[in-house]
Amino acid sequence: MPVQLNKEANLIIQVRLIKKGNDEPLGGKKIKVRLYDKDIFNDDFLGESEVHDGLASFNIQSSTFKKPLGLDDRPDFYFAVYRNDEEIFRSRVMSNLDLSDIEEFVMKEGNIIDLGTFLI
């Protein structure tokens, strides 16, 4: 029987975080980042990531944020940074992202979406 390949590529969403004042990468066991897709009624929680050397990564599939019937195929990502479960930063909503403009395909990893670098 042939192996069924995943028809949908994995998306790796990345966020880089640096500290205000010294431009060092943010990190540590107490820091977590949560990624969301903003919707009209309820925002979709897409995952939580620890931060290592200033980088938070989320491995998702596009079906995670696409709506049935093609009603909303472009995500409206935002993220929140927490220290000891207390929110210390919330990004602006990145509305109607056209992922094809910012993705980079990496063999064996899928498509990497870099949302940018943020000063915390």
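The values are calculated or read from the model by the stated rules, or taken from the named source; none is laboratory data. This is a predicted model, so every value here is computed, not measured. When we count neighbours, we look across all protein chains shown, and the Cβ atoms used for this are built from the backbone with ideal geometry, even at glycine.
Observations, loosely collected:
- Tallying residues that are over 16 Å from Val81 (Cα atoms) and either among the hydrophobic types (A, V, I, L, M, F, W, C) or part of a strand (DSSP E or B) (or both) within the stretch 6-23 yields 4.
- Any hit, the stretch 96-106, residues being more than 16 Å from Asn10 (Cβ to Cβ), in contact with a strand residue (DSSP E or B) (Cβ under 7 Å, 6 or more places away or on another chain), at pLDDT 95 or above and not β-branched (Val, Ile, Thr): no
- Top-ranked residue in the stretch 53-95 [being surrounded by fewer than 10 Cβ atoms within 10 Å (Cβ to Cβ) and at pLDDT below 65; ranked as farthest from Lys29 (Cα to Cα)]: Leu69
- Taking first residues from the stretch 9-36 that are in contact (Cβ under 8 Å) with a residue 40 or more places away in the chain and partners that are in a strand (DSSP E or B) and charged (D, E, K, R), the Cβ contacts under 6 Å between residues at least 6 apart in sequence or on separate chains come to Gln14/Asp114; Lys30/Arg83; Ile31/Arg83; Lys32/Glu48; Arg34/Glu48.
- Residue match in the stretch 24-33 (condition: of a type in the set (Lys, Arg) and either modelled with pLDDT under 85 or outside any strand (DSSP E or B) (or both)): no
- Inside the stretch 34-52, residues that are buried (at least 19 other Cβ atoms within 10 Å of the Cβ) and modelled with pLDDT under 90 make up a count of 0.
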